[in-house]
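Data block below; observations after.
The values are calculated or read from the model by the stated rules, or taken from the named source; none is laboratory data. Values in this document were obtained by computation on a predicted structure and should not be read as measured data. Note that we place each Cβ from the backbone using ideal geometry, even for glycine, and neighbour counts take in every protein chain shown.
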Amino acid sequence: MQLKDAVLYLLLVFVPYAAFCQESNPTSAPTEPVPSAPNFSNDQIRELIRQVAEKDLENDKDQRNYTYIEREEEHKLDGKGKLKSTETKTYEIMELYGGQVQRLIAKNDKPLSEKDAAKEEEKVQKIIDKRKNETGDEHKKRQEKEERNREEGRQFVREIADAYNFRLVGTEQLGGRNTWVFDADPRPGYHPHHKDGKYLPKFRFRAWIDKTETQWAKLDIQCIDTVSWGLFIARIHKGSRIVIEQTRVNDEVWLPKHVALKLDARIALLKNFNVEEDVTYRDYKKFRTDTKIVPLGEVREQDK
């Protein structure tokens, strides 16, 4: 993982579990007033947030039953916010031998050269070789690690539900579906219990929650204070922001549709990262959980 990717991960760790408030100049349409909105109490909203977040953990697990295409567009900015360069990368996401694999298939919207495509195939093949030769104990340990990570997510969910004051601000239609819109602001005086809970007061949230499915359809997350990891490791500056949209797939699961990220960060007090990321997800295709997906190289070997 590159340093920039590590910073992105640190910001995105908050994404699957919370809901976010917009900036003073929001980019989305104004929220409709609620003439007959139910009188949600803070406790009722917290319970709703817990339910939504628990469902999102299940969505994350079900996403592994799908292959899909992910396109990332990165804009690098200078110190004055002017565009320096743009780069796009397109990946095919597959499930191979019990784990997701990301294969680069295009750069700047052009197919890879034969040389680069061969390198990607070699990278994927190494992952396959490692996983298919995995012992029973190694496979068990990997599954146990994944379950521990899921449990960490559940604990973090509970922390978020308790760490904020929530408020119903309106309703809005997204993709033809009716949603509740909730704002969340850090709860004054709250003492975190989860190890990552100390970062929560640095963020505020707005969430669009589908009324029928009790699933989040959109999140808007804003960094409202500098977030630091260690003394000189990394900092995410105030104003960094991420907006995530989900869509219902195959009438059974909610999966990512679009992510827009604005990141202003510094690594080791030396290098600044001022980037805007735009990520789209498409071509979700479900496969049976007992289906083994193999890349082209392995198919050729079997055909000999």
Among residues of segment 145-183, those that are aromatic (F, W, Y) and touching a Phe, Trp or Tyr at 6+ places or on another chain (Cβ under 6 Å), counted: 3
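Can you name every residue in segment 245-268 that is within 13 Å of the chain's Cα centre (by Cα) and not basic (K, R)? So that I can check it myself, show each step before the final result.
Of segment 245-268, the ones within 13 Å of the chain's Cα centre (by Cα) are 245-246, 254-261.
Result: E245, Q246, W254, L255, P256, H258, V259, A260, L261.
Only one of I128, I93 is under 23 Å from A260 (Cβ atoms) and aliphatic (A, V, I, L, M); which? Let's see the steps before the verdict.
Details: I128 fails: under 23 Å from A260 (Cβ atoms).
After applying the criteria, what remains is I93.
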Could you tell me whether E121 is touching a helix residue (DSSP H, G or I) at 6+ places or on another chain (Cβ under 7 Å) and part of a helix (DSSP H, G or I)? yes
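Pick from T212, T171: which is farther than 15 Å from R46 by Cα, crowded, with 16+ Cβ neighbours inside 10 Å and not small (G, A, S)? If you could, list the steps in order and put the result at the bottom.
Numbers: T212 fails: crowded, with 16+ Cβ neighbours inside 10 Å.
Every option except T171 fails the conditions.
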Of the residues I221, I242, which single one is under 20 Å from the mean Cα position of the chain (by Cα), of a type outside the set (D, E, K, R), part of a strand (DSSP E or B) and farther than 24 Å from E47 by Cβ? I242
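Working carefully through the options T88, T31, find the one that is touching a Gly at 6+ places or on another chain (Cβ under 8 Å) and either of a type outside the set (D, E) or modelled with pLDDT of 80 or more (or both). Show your work before the answer.
Numbers: T88 fails: touching a Gly at 6+ places or on another chain (Cβ under 8 Å).
Within the list T88, T31, the selection yields T31.
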Would you mind stating whether W180 is at negative phi, modelled with pLDDT of 90 or more and either small (G, A, S) or buried (at least 21 other Cβ atoms within 10 Å of the Cβ) (or both)? yes
Within segment 233-249, the count of residues that are modelled with pLDDT under 90 and farther than 18 Å from R206 by Cα comes to 5
In segment 183-197, residues that are surrounded by 13 or more Cβ atoms within 10 Å (Cβ to Cβ) and free of Cβ contacts under 8 Å to residues at least 40 places away in the same chain total 5
Across (1) within 25 Å of F287 (Cα to Cα); (2) buried (at least 16 other Cβ atoms within 10 Å of the Cβ); (3) at pLDDT 80 or above; (4) not hydrophobic (A, V, I, L, M, F, W, C), E144 clears everything bar (2)
